[in-house]
Amino acid sequence: MRIYFDHNATTPVAPVVADTVARVLREDFGNPSSVHHFGQRAKARLDEARSEVAALVGGDPSEVVFTSGGTESDNFALRGVAETLEPAGRRHLIATAIEHEAVVNTLKALARRGWRTTLLPVGASGIVSADALAEALTDDTAIVSVMTANNEIGTVQPVAELAALAHGRGALMHTDAVQAVGKMPVDVTALGVDLLTLSAHKFNGPKGTGALWIRRGTRLAAFVTGGRHERNRRAGTENVPGVAGMGVAAGLARAKLGAETARLTTLRDRLEQGILAAVPGTTVNGAREPRVPNTTNISFEGVEAESLLIALDLEGVAVSTGSACSSGTLEPSHVLRAMGLPAHRAQSSIRFSLGDGNTEAEVDYVLGRLPSIVEKLRALTGTRAGGRARS
Ligand SMILES: Cc1ncc(COP(=O)(O)O)c(C=O)c1O
C-alpha cells in the first residue's frame with residue numbers, strides 16, 4: 001500500500017491534464033508568435049489556458065502572465081516592483097517571516113543590493129497581524145508580500161485587511177497564493193491585491209508552469225527581457241504544452257472546489273483528531289482556523305521528525321517535515337521557529353497534506369500504524385510522552 005499525504009510538496013497530475021500535455025506536445029507544436037496556422041493553433045491553446053487561469057482567481061485573462069512556476073512568479077513580482085519603483089525612492093520591501101524561500105531569499109538578495117527589508121513577526125498562531133504591518137509600513141515601502149496560505153502549517157493570512165493597509169501608504173500588495181489556489185476560493189478582487197502568484201503543480205497540473213496575475217495598470221518591469229512575449233512582460237517562447245495542461249487543471253480545480261474543500265476538511269480533521277487521541281504527546285502547530293482544508297502540522301514530543309518520516313515511508317506513507325537536512329545538520333523549519341517553537345519541537349514536527357485521491361481508509365490505515373511507530377521511536381531514544389529524553 002502506498003499512501004501520499006504530501007500534496008503541499010506537489011500533486012499527482014490529473015489524467016486529463018497529462019493527456020492534454022501529450023496531445024498539445026504532438027499536435028500543437030507551432031510557435032504561438034507565428035502568424036500562420038500552426039502558430040495560431042498554439043496561440044489558441046495559450047488563450048484557452050489564460051481564460052481558465054484567470055477564472056480560477058477571478059481576474060481578467062489579459063492580466064495573466066505565464067511563468068515557469070511559483071518561484072519565478074514570486075521573483076518577478078518582488079524584483080519587478082523593486083526595480084520599477086526604485087526611481088520613485090521607494091526602497092523598502094515587507095514580507096512575513098513565514099513566507100516561502102522564494103520570497104524570503106529574494107528579499108535577502110535585494111537587501112544585499114541596498115533595499116531595506118522587513119520580515120513581519122508572527123506569533124504561535126502562525127498568522128500575521130494587521131498591527132505588525134501598520135507598524136512596519138513607511139512612506140518609502142514599495143511592496144508588501146504576504147502569502148495567502150502557509151505551505152507548512154496551512155494557516156490563512158488576512159490578506160485583504162493587509163492589502164488595504166498597504167494601499168493606504170501607497171505600497172503595492174503581492175500574495176503568494178501557491179498553497180491556496182485549488183484548496184479554497186481565491187479571488188483577486190476580494191483579496192484586494194495587485195499581484196498574485198500561482199503554480200500549476202500544486203493543483204494537479206504539470207511542474208515548471210505557473211503564472212503571475214498582474215492587476216491591469218500595475219507598473220512592473222519585465223523580469224525576463226527578450227522578445228515581445230506575454231505583452232512584453234516575460235520574454236521567451238511559451239511552454240505551450242505545460243500551459244495548456246495548467247489551463248485544464250485550473251478548470252478542474254474550479255469545478256470541484258466546493259465539494260473537495262468539504263471532503264478534505266472532514267478527512268484532515270479525522271486524521272488530526274485521531275492522532276491527538278491515539279498518540280500521547282502530540283500537538284497541532286499553529287491556529288486551526290483559518291486554515292486550508294488539507295493541511296495539519298503536528299509535533300510528536302521526543303521524536304525526531306526525520307526518523308518518523310522514514311518509519312512512515314517504510315510503512316508506505318509519504319509525509320514531510322519542515323526541516324531541511326543540509327550537510328548533515330537538521331535545520332529546523334524557519335516557519336515553526338518564527339512562530340516561537342523551541343528547536344526540539346520544531347524538529348519533531350510532521351506535515352500531513354491531503355489531496356485529491358486520499359480516502360478515509362487511508363487515514364484509518366495511518367491512524368492504525370502511527371501509535372506503535374511513535375512508541376517504538378520513543379523507546380529507542382528512551383523518551384516518554386510528557387517528559388523529555390531520559391538520557
Ligand atoms: C508557498 C509557496 N510558494 C512558492 C513555491 C514555489 O513554487 P514552484 O515549486 O512552482 O517554484 C512553493 C512550493 O513549494 C510554495 O509552497
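Rule-based calculations on the coordinates, nothing more; no lab input. Small disclaimer: the values here were computed from a predicted structure and weren't measured. All Cβ positions, even for glycine, are placed from backbone atoms using ideal geometry, and neighbour counts span all protein chains on display.
Looking at the range 52-154, the trypsin sites (Lys or Arg not before Pro) that sit in a DSSP loop and have at most 14 other Cβ atoms within 10 Å of their own Cβ are 113. Placing +1 on the Cβ of every Lys and Arg and -1 on the Cβ of every Asp and Glu, with nothing else charged, gives the range 114-192 a dipole about its Cα centre of roughly 120 debye.
Our summary gives the range 15-253 a relative contact order of 28 percent, counting only alpha carbon pairs under 8 angstrom and 6 or more residues apart. Sorted from longest to shortest, the spans of the Cα atoms of the chain along the three principal axes equal 69, 51, 39 Å.
The HN-Hα couplings worked out from phi for the range 53-62 by the Karplus form 6.51 cos²θ - 1.76 cosθ + 1.60 (θ = phi - 60°) are 5, 4, 5, 5, 10, x, x, 9, x, 5 Hz, whole numbers, x standing for Gly and Pro. Between helix 15-27 and the chain there is an angle of about 30 degrees, using the helix long axis and the longest principal axis of the Cα atoms. Prolate is the label for the range 15-137, because a/c, from the alpha-carbon gyration tensor with a ≥ b ≥ c as root eigenvalues, is 1.5 or above and a/b exceeds b/c. Let a ≥ b ≥ c be the square roots of the eigenvalues of the Cα gyration tensor of the range 257-325; is it rounded (a/c under 1.5), or, if not, prolate (a/b larger than b/c) or oblate? Cα axes put the range 257-325 in the prolate bin. Bridge orientation summary for the range 15-253: considering DSSP beta bridges with both residues in this region, about 35 percent are antiparallel. The stretch between residue 270 and residue 124 holds 50.2 nm of extra length on full extension. This uses 0.36 nm per residue minus the Cα-Cα distance.
Taking the Cα centre of the chain as origin, sum charge times position over the Cβ atoms of Lys and Arg (+1) and Asp and Glu (-1), and report the length of that vector in debye to the nearest 20.
Working: 41 positive and 41 negative charges, 98 e Å.
Once rounded to the nearest 20, the dipole reads 480 debye.
Highest mean packing first, where packing is the average number of other Cβ atoms within 10 Å per residue, the peptides 261-270, 158-167, 140-149 line up as 140-149, 158-167, 261-270.
Evaluating 6.51 cos²θ - 1.76 cosθ + 1.60 at θ = phi - 60° for every residue in the range 116-125, the Karplus couplings come out as 8, 10, 10, 9, 6, x, 10, x, 4, 6 Hz, glycine and proline recorded as x. Each of 198, 232, 96 was scored by the projection of its Cα onto the charge dipole of the chain, and the greatest displacement toward the positive side belongs to 232; charges sit on the C-beta of Lys, Arg, Asp and Glu. Charges on Cβ only, +1 for Lys and Arg, -1 for Asp and Glu, centred on the Cα centroid of the range 56-178; of 125, 137, 110, which one is farthest towards the dipole's positive end? It is 110.
Residues whose amide H comes within less than 5 Å of that of residue 67, counting only those at least five positions distant or on another chain, are 210, 211, 212 (H built at 1.01 Å from N in the peptide plane).
Report Rg(Cα)/(2.2 N^0.38 Å) for the range 106-148, keeping two decimals. Show your work: numbers first, answer last.
On the way: Rg = 11.5 Å, N = 43, 2.2 N^0.38 = 9.2 Å.
Compared with the compact-globule rule of thumb, the range 106-148 sits at 1.25.
Each residue of the range 260-277 was assigned a 3J(HN,Hα) from its phi angle through the Karplus expression (A = 6.51, B = -1.76, C = 1.60, θ = phi - 60°), giving 5, 4, 5, 5, 5, 4, 4, 5, 4, 5, 4, 5, 5, 5, x, 5, 4, 7 Hz with x at Gly and Pro.
Multiplying the residue separation of residue 33 and residue 307 by 0.36 nm and removing their Cα-Cα distance gives an extension gain of 93.5 nm. For the range 288-384, rounded, prolate or oblate, judged on the Cα gyration tensor with a ≥ b ≥ c (square roots of eigenvalues), a/c < 1.5 rounded, else prolate if a/b > b/c? Since a/c reaches 1.5 but b/c is at least a/b, the shape of the range 288-384 is classed as oblate.
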